[in-house]
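> Take this structure first; my questions come after.
The values are calculated or read from the model by the stated rules, or taken from the named source; none is laboratory data. Keep in mind that what you see is a predicted model, and the values were worked out from it rather than measured. Positions of Cβ are backbone-derived with ideal geometry, glycine not excepted, and every protein chain shown enters the neighbour counts. Accessible surface areas use protein heavy atoms only, side chains included; no ligands, DNA or RNA. Shrake-Rupley method; radii C 1.70, N 1.55, O 1.52, S 1.80 Å.
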Amino acid sequence: MRSDKRVVITGCGLVTSIGDTAERSWQALLGGASGRREATRFDINRYAPRFVCALPPSAETEADGAFPLDAASRVLLAAAGEALQGYGEDAWRDAPAYVATTLGGMDNGTHFYRSYLQHGLAGADRARLKDYIPFMQCRHLMQRHGFGRMPMIVTNACSSGANALGLAMMEIRQGHARRAVAAGYDIVSEFVFGGFNALRLIDPEPCRPFDIHRNGLTLGEAAGVLVLESADEAARGGRRPLAELSGYAGWIEAYHCTKPEPTGEGAWRVMRDCLADAGQTPDAVGCVNAHGTGTPSNDTMEALAIERLFGDCPHTLVTANKASVGHTLGAAGVVEAIFSALSLRDGVVPPTRHTQDVIPELRAGRLAPAARRVEGLDHVLSTSYGFGGTNAALLLSRWRDG
Amino acid sequence: MAESPFVMRIRGAAWNGEPCAWADRFDTPAPAAARGVELAYNTRRLDEMVAYALAASFEAIARAGWDRATLEAAGVVGLSHNGPCIYSEEFYRQLCEEENPALVSPTLFVESVLNVACTHLTLAMKTHRPAFALNTDLAHSHEVFHTLALLFESGQMARAVYFACDEFSTLGRALFAACPEFPGEQFVGGAGALALEAVHGSGPDEAGGLLLTRWHSVASFDALQGTLDAAGLADAVRIWSPWSDAPPPPAWPGSAAEGVSGLGAALQQREQGFASMRLAEVLDAAAQTPPGGTAVLVQALRGRLGWLAIKKETGGADAVPNQEQGV
């Protein structure tokens, strides 16, 4: 039941390991920067892999009130501060918000639990529990920016961000809101690092998406916030859209708890359905912003899916942002949507770092180690694939009036 | 004729978990002709909350009488506040105590991510429709009925299994017991589940179903009265939810309940189940409504009001009797 309402992006805020604003992160991405640094939130000496794409200290905002905010709240508020400015008083009172995360304030949770194991309940650091549950980050967002409704938190693993954008888009398309917010954030706690390490999914070397020698992912920290509006509302407010969010699709593989379906069937279907939702064909897509984690299973199946859909479109390029900013989990879908929107704004496809020997499943020439200017870049397809086979795809389009 | 505000129908409802006073709210009468598709599923090694969610969902599906084809075309929405905390605590305990953390079982990690219950249910259902694992503040649980309506309206799914589940670890029980918000309450782990289908436009009542509106947010009592009037619900029985921080509104004509009432009020200072209990409130509102009648569940929190309406279908001659209140 697709409506005719056009949904546009009019605000964005981004904090990543390579920049503390959207523009700084974008320019650093184009320049081939990497946010990879040694993890410091927990004792990394217990682990063989040591590196994450961690936020620099400058990326986190100050404490708020009597209690210091947890890192997840600080980074979400920093990104929101950039995205939500300039919309006027009471702009968010009736706006729905969908906030994506995989683990919320788990960093605080792990610190509490360690103190509990060491000192028992009586001696445990209970102050750490204040921001442990995911809705606490949302509550800080509400209080800081005057949201009248509690945001709905989306916890669909690595596709949470894309699904949050999809839900926000539905609000506007179905006429329930003229403006909506989609956000995503995650911090690398010992819980998630230990989990991915136990799964043998972390590469001790920098991750190399779609490389023959790839050996896993690099976890990353980030927060991204996007403001979606109906095109009419943006015009009324005199806001020129950054891009149009023209398509969304979700698909469940029902194959395995963690592994993707190896033929790429699920990835192909969600990309195809997303294009259908937008009323577009594969040859219109200038770039696929891939999930591209650097794991053996993801990249092979994703390459198969891309070639199945875009095999007749040699001009369709592929980029994988996780090589620079890491796999930011709940934030990934929003982070990569922002980079996709900036690609459309500037007509540039960002580089994919570290990849040297591209796998044969992916057509030669689609991926590049340096940024590429592309004439007529009109549509970027951004994909996310998560644990539980939760697949999501978004189509972002260059804004055209009329 | 005004468009009906009802956008979804409950075909089956079920509960699974620790014994509690609200489990009977999920005995939604649904005249399923035959037991639905069997979903044999090995629940060993699943976190407790996940096992509850699966069992409740399977039963709701069976009561709805959905066959395999129907099931494979249904989406999933799952809500929790605490998530699979028992397994997540165990995983992190092992991570802390194991000399080499790489040797900790990855299964514990996988089974403690927040969307694991949705994952297992979609695997069992073999559905490819979208699935959404959601989380909210405890007091905002009912708002998921807006998200469900949105998914139906957008064509993402025509049917859905919705479950609301929570569990309490030993540590969690100790921590919550120390919270002033839960004085002396017992914490009950479990899951409630609904088998839902989208309703489009107005139509005759069907036997054995409950119709739901979406969850609506309104800014004030005046706006609340106006929206209820506009939706044709001005005469509905009103159940004033206890999860409110405002005094009850003035009595409206036809209002059958004033002040704090409903399931939560009756159970205050006795039992607390978080997500599943909040779902039970919706069914409790229906239980307090005569066949063919409508109830409005209202909640006020932090200066915002919200409501949803439930209509008990009769299908004409096959009227469904009221449930006895077993609180």
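> Viscosity 0.890 mPa s, temperature 25 °C: Stokes-Einstein D of chain A from its Kirkwood Cα radius, in µm² per second?
So the translational diffusion coefficient is about 118 µm²/s.
> Just for the range A:248-402, what percent of DSSP beta bridges are antiparallel, to the closest 5?
Taking every DSSP beta bridge with both residues in the range A:248-402, the antiparallel ones total about 70 percent.
> Here's something else I'd like to know. Before I look further, what does chain A give for accessible area per residue, probe 1.4 Å, in whole square angstrom?
Each residue of chain A exposes 33 Å² on average to a 1.4 Å probe.
> Over chain A, what is the mean sequence separation of C-alpha contacts under 8 Å (at least six apart), divided by residue count, expressed as relative contact order in percent?
Worked out over chain A, it gives 23 percent.
> In peptide A:239-251, how many Cβ atoms from other protein chains are near each Cβ within 10 Å, on average?
1
> With all protein chains present, how much of the accessible area of the range A:295-340 (probe radius 1.4 Å) comes from carbon and sulfur, to the nearest whole percent?
In the range A:295-340, the share of accessible area belonging to carbon and sulfur is 59 percent.
> Ranked by accessible surface with a 1.4 Å probe, highest first, in what order do A:340, B:217 come?
B:217, A:340
> Assuming 0.36 nm per residue, please report the length gained on full extension of the stretch residue A:119 to residue A:85 beyond their Cα-Cα distance.
Taking 0.36 nm per residue and subtracting the Cα distance, the gain is 7.8 nm.
> Per-residue accessible area for residue B:239 at 1.4 Å probe radius, Å² rounded to 10?
10 Å²
> Mind checking how much accessible area B and A bury in total, 1.4 Å probe, in Å² rounded to 100?
It comes to approximately 5100 Å² buried between B and A.
> In a shell of Cβ-Cβ distance under 10 Å around residue B:172, excluding residue B:172 itself, what net charge do Lys and Arg (+1) and Asp and Glu (-1) give?
Result for the local shell: -2.
> Let me ask another. I'd like the trypsin sites (Lys or Arg not before Pro) in the range B:99-185 restricted to DSSP loop residues with at most 14 other Cβ atoms within 10 Å, sorted by number.
For trypsin sites (Lys or Arg not before Pro) across the range B:99-185 that sit outside H, G, I, E and B with at most 14 neighbouring Cβ atoms in 10 Å, the list reads B:126.
> Which residue fluctuates the most in chain A, going by a Gaussian network model with Cα springs under 10 Å, if the choices are A:90, A:131, A:70?
A:90
> If I build a Gaussian network model for chain A, linking alpha-carbon pairs within less than 10 angstrom, which residue out of A:31, A:330, A:86 has the largest mean-square fluctuation?
A:86
> Taking the DSSP beta bridges in the protein assembly as shown as the whole, what percent of them are antiparallel, to the nearest 5?
Taking every DSSP beta bridge within the protein assembly as shown, about 70 percent pair in antiparallel fashion.
> Search the structure for amide H atoms under 5 Å from the amide H of residue B:12, placed 1.01 Å from N in the peptide plane, and list their residues when 5 or more places away or on another chain.
Residues meeting the amide H criterion: B:195.
> How crowded by other chains is A:152-162, given as the mean number of beta carbons from other chains within 10 Å of each beta carbon?
Counting Cβ atoms of other protein chains within 10 Å of each residue's Cβ and averaging gives 6.
> Accessible area per residue, 1.4 Å probe, Å², for the range B:58-135: what's the number?
29 Å²
> Quick check: with the 1.4 Å probe, what order do A:306, A:212 take by accessible area, largest first?
A:212, A:306
> Next question, about the same structure. What relative contact order, as a whole-number percentage, does the range A:297-402 give when Cα pairs under 8 Å and 6 or more residues apart are counted?
28 percent
> In a shell of Cβ-Cβ distance under 11 Å around residue A:33, excluding residue A:33 itself, what net charge do Lys and Arg (+1) and Asp and Glu (-1) give?
Within the 11 Å Cβ shell, the charges total +3.
> Would you mind giving the mean number of other chain beta-carbons within 10 Å of the Cβ of each residue in B:133-141, as a whole number?
6
> I've got another one for you. What does DSSP give for chain A in terms of the percent of beta bridges that are antiparallel, rounded to the nearest 5?
Antiparallel bridges make up about 70 percent of those DSSP assigns within chain A.
> Extending each Cα 7 Å along its Cβ direction at residue A:283 and residue B:67, get the distance between those two points in nm, one decimal.
4.3 nm
> Now a separate question. Suppose we keep just the alpha-carbon trace of the protein assembly as shown; what are its Rg and Dmax in angstrom?
Taking only Cα atoms of the protein assembly as shown, I get Rg and Dmax of 24.5, 75 Å.
> Follow-up. For chain A, set up a Gaussian network in which alpha carbons nearer than 10 Å are linked by springs, and say which option among A:199, A:14, A:165 fluctuates the most.
It is A:199.
> Heavy atoms only, 1.4 Å probe, whole protein assembly: order A:366, A:214 by accessible area, highest first.
From most exposed to least exposed: A:214, A:366.
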